[in-house]
1. Criterion first (at pLDDT below 80, hydroxyl-bearing (S, T, Y) and either open to solvent by 10 Å² or more (accessible area, probe 1.4 Å) or part of a loop (DSSP other than H, G, I, E, B) (or both)) does T62 satisfy it?
2. For the subset of the range 135-149 comprising residues that are at pLDDT below 80 and outside any helix (DSSP H, G or I), which member is farthest from C96 (Cα to Cα)?
3. Here are some conditions: (1) among the charged types (D, E, K, R); (2) modelled with pLDDT of 85 or more; (3) open to solvent by less than 50 Å² (accessible area, probe 1.4 Å). R413 meets all but one. Which one does it not meet?
4. Are any of the residues in the range 156-166 touching a residue at least 24 places away in the same chain (Cβ under 8 Å), open to solvent by 10 Å² or more (accessible area, probe 1.4 Å) and over 30 Å from R349 (Cβ atoms)?
5. Tell me which residues, restricted to the range 229-263, are more than 14 Å from the chain's Cα centre (by Cα), open to solvent by less than 40 Å² (accessible area, probe 1.4 Å) and within 22 Å of W388 (Cα to Cα).
6. I need the full set of residues from the range 416-426 which are in contact with a helix residue (DSSP H, G or I) (Cβ under 8 Å, 6 or more places away or on another chain) and surrounded by 13 or more Cβ atoms within 10 Å (Cβ to Cβ), in order please.
7. Can you tell me which condition L343 does not meet? The list is (1) closer than 30 Å to V148 by Cα; (2) open to solvent by 10 Å² or more (accessible area, probe 1.4 Å); (3) of a type outside the set (S, T, N, Q), and all the others hold.
8. Please work out which residue is surrounded by the most Cβ atoms within 10 Å (Cβ to Cβ), limiting yourself to the range 108-125 and to residues that are under 21 Å from G98 (Cβ atoms) and of a type in the set (V, I, T).
Amino acid sequence: MTPTATPPTRTGATEKQAPTRAWATRLVVVGIVLAAMNLRPAITSLGALLEEVRDGLGMSGTLAGLLTSVPPLCFAFFGVMAPRLARRFGPSAVVCVGMAAIASGLVIRPFIGGTAGFLAGTALALAGIAVSNVLMPVIVKRWFPDRVGSMTGLYSMALAFGTSIAAAATVPLTDGLGGHWQTGLAVWAVLAVVAVVPWIPLVRDRGTAATEAPEHISPAVRQEDAGLRITHSRTAWALAVFFGLQATAAYITMGWMPQIFRDAGVPASEAGVLLAVTMAMGVPLAFVIPRVATRLTNQGPVVIVLGACGLAGYAGLYLAPAGGAWAWALLLGISNCAFPLALTMVGMRAKSSVGVAKLSAFAQSTGYLISIPGPLLVGVLYQHSGGWGLPIALMAALMVPQIVIGTLAGRNRTVEDEVAARAAKA
């Protein structure tokens, strides 16, 4: 009697893949942290040296305001492309190229010559930031579906750390490297080059069993997400508007707050440190707030607390910008943590990474479009009024709808359910 052949076992392959998969997960964590650290230095380093850049390039106040509006414009334009690029090349490859674009743009922009060249280099760096902005929540949802709050917190904390370090260190680095603002801006390309490294193995091994992050979702959800019309969701629109209003406040703060303090008599180096303090508040809070938010069924109360801190900070800037500068910097730093809250809500308002990708692209692209006029309008008001009273009043006024819309976005529902309900009524 011929013995029955024993089917080949997959145990060895599984055991081999397990440590490789764990290694890939750790690499993703490192990649997320390093990528997040590079998503704001291109902006906050410019804010710290805005006066020097204006003088060096011969910019008017209005043109400088336009410069502070370039980030949201690029984020809106390039961010909407991220889901399509991710489907074709994979999220890891897109983020890897995004980090390379940031490094290239930061090296090019100070030395290419003229305002147009500076804007072109800035746009290249911001394109890399834009696609990475959109894909970070997608990568978190796919690799860590049960830890959206903690991983979003880690990502947001790293982002805040990179933001604050660039704000605090740019002026001292510029002085230490010869006093040239060009060198002080270009030095941040080094950090972006480092961030490319952990994504390279993930790009090389894309699609293998060792590095895939399988997502266990039902066929019904897959079908919902395949035909998801994100614009048919009220929550998606609420998130987009909330994202836009918080981005308006953030980019006005990053672009203009050092100048507000400098005009009030605060030394340039201290003004940079104050911006760093504002950004540094996001380091601990960006880790705590997403974890708190994921434990709540409604994130509205968190939105209200952050908005109240913003209103208090603006009131202080109006009444005593120099006298209470450190207090206002702290309050505005707390208020700026609406950003990690918005990212957390994006991850909570969809059922799968596909839904999160669509929601993230829509909310961020639409939101950044909404935020474009804010920094520009601040520059125009500052130039024509000769002071900061009107610009600060505008900042405070915008905080009110941010609170209202954010409360609506924080309600416990998903975009898939809302779109399905609307389709059923049609």
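1. yes
2. D146
3. (3)
4. So far as the range 156-166 goes, yes, one or more of its residues are touching a residue at least 24 places away in the same chain (Cβ under 8 Å), open to solvent by 10 Å² or more (accessible area, probe 1.4 Å) and over 30 Å from R349 (Cβ atoms).
5. I252, T253, G255, W256, M257, P258, Q259, I260, F261
6. Residues of the range 416-426 that are in contact with a helix residue (DSSP H, G or I) (Cβ under 8 Å, 6 or more places away or on another chain), as a first pass: 416, 418-420, 422-423.
Residues satisfying the conditions are E416, E418, V419, A420, R422.
7. Unmet condition: (2).
8. Taking the range 108-125 as the starting set, the residues that turn out to be under 21 Å from G98 (Cβ atoms) are 108-110, 112, 118-125.
Pick out the ones that are also of a type in the set (V, I, T) and you get 108, 112, 122.
Working: I108: 18, I112: 13, T122: 23.
Of everything passing the filter in the range 108-125, T122 is surrounded by the most Cβ atoms within 10 Å (Cβ to Cβ).
The values are calculated or read from the model by the stated rules, or taken from the named source; none is laboratory data. Since we're looking at a predicted model, the values are computed, not measured. So basically every Cβ, Gly included, is an ideal-geometry build from the backbone, and we count neighbours across all protein chains shown. Ligands, DNA and RNA are excluded from the accessible area calculation, which covers all protein heavy atoms including side chains. Shrake-Rupley method; radii C 1.70, N 1.55, O 1.52, S 1.80 Å.
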